[in-house]
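Q: Sharing a structure, written as structure tokens. Questions coming.
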Amino acid sequence: PDIVENVKSEKIIISTIVNAVKKLENIGVSFIAIACNSVFSYTKQMQNAVSVPIINVIEETAKEVYKKGYKKVGLLGTKITIKKKLFDNSLKKYGIKTIKPTTIQQKVITKIIINILSGKKSKQDALKLKTIIKSLKNKGAEVMILGCTELPLILSQEEVDIELFDTTEIVANEVINRALR
């Protein structure tokens, strides 16, 4: 089901992801990692369905931002991630303010994410993303959260003058840390 821009039937989405985490638990995993930010709007449903822990990429990202001492972050993500305020509570818990794109900017970001998902990575999309980042920086963002696992596929740290928090990398590091423990 489409959880990037068009959540028509949450029942189908919840059923799909709950069945997936149950299958993972049934094969004997020690924990579950999901490299999709938008899915975490269903954290409670997923975690209630299994007894193994699910690494919460939203919470792990908030911890990383907090560890580095930032107070204002720009957030780029899917329409669902922004609309459902997935990062807001986790960041607020650490005293961190979230600066979000405008409605028009969000439409552009969503289109970029859909382009990436369909295999269309373009320099034009990367430039649009950089313009939005600059706008959020001008509104006070000290750092930027790439709150969609597709965004690092067209934008790297070397291309911008603001620190990027790549949620894919953050969840991968947490997987490694837990696996080593």
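Q: Out of the residues in the range 117-127 that are assigned to a helix (DSSP H, G or I) and open to solvent by less than 100 Å² (accessible area, probe 1.4 Å), state the one that is nearest to Pro152 (Cα to Cα). Write out each step before concluding.
A: Taking the range 117-127 as the starting set, the residues that turn out to be assigned to a helix (DSSP H, G or I) are 117, 123-127.
Right, trim to open to solvent by less than 100 Å² (accessible area, probe 1.4 Å) and you get 117, 125-126.
On the way: Leu117: 12, Asp125: 12, Ala126: 10 Å.
Within the range 117-127, the match that is nearest to Pro152 (Cα to Cα) is Ala126.
Q: If you take the residues in the range 24-44 that are surrounded by fewer than 18 Cβ atoms within 10 Å (Cβ to Cβ), part of a loop (DSSP other than H, G, I, E, B) and not hydroxyl-bearing (Ser, Thr, Tyr), which one is nearest to the chain's Cα centre (by Cα)?
A: The first filter runs over the range 24-44 and keeps only residues surrounded by fewer than 18 Cβ atoms within 10 Å (Cβ to Cβ), leaving 24-32, 35, 43-44.
Cutting the leftovers down to part of a loop (DSSP other than H, G, I, E, B) gives us 27-31, 35.
If we keep only those that are not hydroxyl-bearing (Ser, Thr, Tyr) too, we end up with 27-29, 31, 35.
Values: Ile27: 27, Gly28: 26, Val29: 23, Phe31: 19, Ala35: 8 Å.
By that ranking, first place goes to Ala35.
Q: Taking the criterion of being in a helix (DSSP H, G or I), open to solvent by less than 20 Å² (accessible area, probe 1.4 Å), in contact (Cβ under 8 Å) with a residue 24 or more places away in the chain and not polar (S, T, N, Q), would at least one residue in the range 64-80 satisfy it? Write out each step before concluding.
A: Initial filter on the range 64-80 (in a helix (DSSP H, G or I)): 64-67, 79-80.
With the extra rule that they be open to solvent by less than 20 Å² (accessible area, probe 1.4 Å), the set shrinks to 65, 80.
Subsequent filtering for residues that are in contact (Cβ under 8 Å) with a residue 24 or more places away in the chain retains 65, 80.
Now restrict to residues that are not polar (S, T, N, Q): 65, 80.
Yes, there is a match, as at least one residue in the range 64-80 is in a helix (DSSP H, G or I), open to solvent by less than 20 Å² (accessible area, probe 1.4 Å), in contact (Cβ under 8 Å) with a residue 24 or more places away in the chain and not polar (S, T, N, Q).
Q: Related question: Can you report the number of residues in the range 112-160 which are charged (D, E, K, R) and in contact (Cβ under 8 Å) with a residue 12 or more places away in the chain?
A: Going residue by residue through the range 112-160, those that are charged (D, E, K, R) are 120-121, 123, 125, 128, 130, 134, 137, 139, 142, 150, 158-159.
Retained after the next criterion (residues that are in contact (Cβ under 8 Å) with a residue 12 or more places away in the chain): 121, 125, 128, 130, 137, 139, 142, 150, 159.
Adding up the residues that qualify gives 9.
Q: Within the range 69-99, how many residues are more than 16 Å from Glu59 (Cβ to Cβ) and modelled with pLDDT under 95?
A: Here the count works out to 5.
Q: Next question. Condition test on Ile14, is it surrounded by 15 or more Cβ atoms within 10 Å (Cβ to Cβ) and touching a strand residue (DSSP E or B) at 6+ places or on another chain (Cβ under 9 Å)? Let's see the steps before the verdict.
A: Numbers: surrounded by 15 or more Cβ atoms within 10 Å (Cβ to Cβ): yes; touching a strand residue (DSSP E or B) at 6+ places or on another chain (Cβ under 9 Å): no.
Taking the combined requirement at face value, the residue does not satisfy it.
Q: Among the residues of the range 172-180, is there at least one that is open to solvent by 80 Å² or more (accessible area, probe 1.4 Å) and in contact (Cβ under 8 Å) with a residue 12 or more places away in the chain? Working first, answer last.
A: Within the range 172-180, the subset open to solvent by 80 Å² or more (accessible area, probe 1.4 Å) is 176, 180.
Adding the requirement that they be in contact (Cβ under 8 Å) with a residue 12 or more places away in the chain leaves none.
Scanning the range 172-180 turns up no residue that is open to solvent by 80 Å² or more (accessible area, probe 1.4 Å) and in contact (Cβ under 8 Å) with a residue 12 or more places away in the chain.
Q: Output yes when any residue across the range 47-62 is assigned to a loop (DSSP other than H, G, I, E, B), within 15 Å of the chain's Cα centre (by Cα) and surrounded by fewer than 18 Cβ atoms within 10 Å (Cβ to Cβ), and no when none is.
A: Here is the first cut: in the range 47-62, the residues assigned to a loop (DSSP other than H, G, I, E, B) are 50-53, 56.
Now drop any that are not within 15 Å of the chain's Cα centre (by Cα), which leaves 56.
Now restrict to residues that are surrounded by fewer than 18 Cβ atoms within 10 Å (Cβ to Cβ): none.
The answer is no, given that none of the residues of the range 47-62 is assigned to a loop (DSSP other than H, G, I, E, B), within 15 Å of the chain's Cα centre (by Cα) and surrounded by fewer than 18 Cβ atoms within 10 Å (Cβ to Cβ).
Q: Show the residue pairs meeting these rules: Cβ distance below 7 Å; 6+ apart or different chains; first residue within the range 19-42 and under 16 Å from Asn177 (Cβ atoms); second residue open to solvent by 50 Å² or more (accessible area, probe 1.4 Å) and not β-branched (Val, Ile, Thr).
A: Listed pairs, sorted by first residue: Phe31/Pro53; Phe31/Arg178; Ile32/Leu24.
Q: Right, another one. Go through the range 148-169 and give me each residue that's closer than 16 Å to Lys100 by Cα and at pLDDT below 95.
A: Of everything in the range 148-169, just one residue is closer than 16 Å to Lys100 by Cα and at pLDDT below 95, namely Cys148.
Q: Another question about this same structure. Which count do you get for residues in the range 83-97 that are open to solvent by less than 30 Å² (accessible area, probe 1.4 Å), in contact with a Gly (Cβ under 9 Å, 6 or more places away or on another chain) and not in a loop (DSSP other than H, G, I, E, B)? Write out each step before concluding.
A: Initial filter on the range 83-97 (open to solvent by less than 30 Å² (accessible area, probe 1.4 Å)): 86-87, 90-91, 96.
Retained after the next criterion (residues that are in contact with a Gly (Cβ under 9 Å, 6 or more places away or on another chain)): 86-87.
When the remaining residues are screened for being not in a loop (DSSP other than H, G, I, E, B), the result is none.
Within the range 83-97, residues that are open to solvent by less than 30 Å² (accessible area, probe 1.4 Å), in contact with a Gly (Cβ under 9 Å, 6 or more places away or on another chain) and not in a loop (DSSP other than H, G, I, E, B) number 0.
Q: Any chance the range 151-168 includes a residue that's surrounded by fewer than 18 Cβ atoms within 10 Å (Cβ to Cβ), touching a strand residue (DSSP E or B) at 6+ places or on another chain (Cβ under 8 Å) and over 21 Å from Glu60 (Cβ atoms)?
A: There is at least one residue in the range 151-168 that is surrounded by fewer than 18 Cβ atoms within 10 Å (Cβ to Cβ), touching a strand residue (DSSP E or B) at 6+ places or on another chain (Cβ under 8 Å) and over 21 Å from Glu60 (Cβ atoms).
Q: I'd like the residue in the range 98-116 that is under 15 Å from the mean Cα position of the chain (by Cα) and not aliphatic (A, V, I, L, M) and, out of all such residues, is most open to solvent (accessible area, probe 1.4 Å).
A: Top of the filtered list is Lys100.
The values are calculated or read from the model by the stated rules, or taken from the named source; none is laboratory data. In this text, all values refer to a predicted model and were calculated from it rather than measured experimentally. Cβ: placed from backbone, ideal geometry, glycine included. Neighbour counts: every protein chain shown. Keep in mind that these areas ignore ligands, DNA and RNA; they rest on the heavy atoms of the full protein, side chains included. Shrake-Rupley method; radii C 1.70, N 1.55, O 1.52, S 1.80 Å.
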